[in-house]
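Enquirer: Questions regarding the structure given below will be posed in turn.
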Amino acid sequence: MTRPYFLGCPQWQHPGWNGRLPAGESPLERYSRVFNSVEGNTSFYATPSRKQCEQWRAQVPEDFRFLFKFPRQITHDRLLKGVDGQARAFLDVLAPLADVLGPFLLQLPAAFGPERLEDLWRFVEALPAPFACTVEVRHRDFFAKGEAERALNRGLRERNLARVCFDSRALFAASAEDAATREAQRKKPRLPVHVLPGDTSPVIRYVGHPDLQANRAFLAPWVERVANWIAAGEGPYVFIHMPDNGDALALAALWHDMLAERLPGLAPLALGRQVKQPGLF
């Protein structure tokens, strides 16, 4: 698959995707025939086995990229303090995937504030080559355009690290009329979108409006920005979420079509037509 940017979802299988992905020996293989990246959210909750990693490597092409999250014990429970051994063990397990790893998603909780920045710098500087990460923060001081945010951005630039752009504006623009939207609004952070220009691949995590077409207005500014990043050779990552991720493929297709209007010649996604599952009654 030749694509000038990385596109993916927060998972590689979902019951709602049945029939939409090409044939393959496994859900991951089928997914990787359409998308060239995935958020490895499962590693936040449980570290895979080395054998699992070997199997995953055999199921994806060499231009595919996994962006795994560090385990919650490292980022949320210990807030990056005293975790060198845990981090080394985690990286060792993922070693079979070394050539298809993108930057790790270092997602920090709201409890990780400006007073802990030195812990962040120590952690990322201790990562052995060629491992790298991209940083997502949730403490509100990092979005206040004050000294805390300037210190964060300065430190990220100095270390050539991307700051994740988490965009949940479309999600929170929706009325919570269904259970999936209510649950997503309860769990997802509602924070400003701050883009940090830099020399490393940008990462966007977009959480959509449950009404597919309502996302057009929210995605339009990203089309221009991503097109410019592609033109500059920055290889951006775009991850598409929905309140119900059974709808994520449809939103990914809409996004990619919008980008293709801006970048003629961009091949369409090889997705089958979405078929609504009949109800039981």
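Enquirer: Can you list the residues, at least 5 places off or on another chain, whose amide H is less than 5 Å from the amide H of Leu21, using H built in the peptide plane?
Expert: Under 5 Å from the amide H of Leu21 lie the amide H atoms of Gly272, each far enough along the sequence or on another chain.
Enquirer: Now a separate question. Starting from the Cα-Cα distance between Asp178 and Arg154, subtract it from 0.36 nm times their residue separation and give me the gain in nm to one decimal.
Expert: Length difference between fully extended and current span is 4.5 nm.
Enquirer: Go ahead and estimate [θ] at 222 nm for the chain from helices alone: -39,500 (n - 2.57) per DSSP H run with n ≥ 4, summed, over the residue count, rounded to 500.
Expert: Rounded to the nearest 500, the figure is -10000 deg cm²/dmol.
Enquirer: Full-extension gain between Asp77 and Leu263, please, as 0.36 nm times their residue separation minus the C-alpha to C-alpha distance.
Expert: Separation in residues times 0.36 nm, less the Cα-Cα distance, equals 62.6 nm.
Enquirer: A further question follows. Report the full-extension gain for the segment Glu224 to Asp63: residue separation times 0.36 nm, less the Cα-Cα distance, to one decimal in nm.
Expert: 55.5 nm
Enquirer: Ok, one more. Per-residue HN-Hα couplings for the range 167-176, Karplus 6.51 cos²θ - 1.76 cosθ + 1.60 at θ = phi - 60°, whole Hz, x for Gly and Pro?
Expert: Residue by residue, the range 167-176 yields 10, 10, 4, 5, 4, 7, 7, 8, 6, 7 Hz.
Enquirer: With labels modelled as points extended 7 Å from the Cα through the Cβ direction, what inter-label distance (nm, one decimal) is found for Arg116 paired with Asp199?
Expert: 2.9 nm
Enquirer: Hey, any idea what the orientation-averaged projected area of the convex hull of the range 75-228's Cα atoms comes to, in nm²?
Expert: With every direction weighted equally, the projected area is 10.6 nm².
Quick note: the coordinates plus some simple rules give every number you see, no bench work behind them. Keep in mind that this is a model prediction, so the values were computed, not measured. Reconstructed Cβ throughout: ideal geometry from the backbone, glycine too, with neighbour counts over all protein chains shown.
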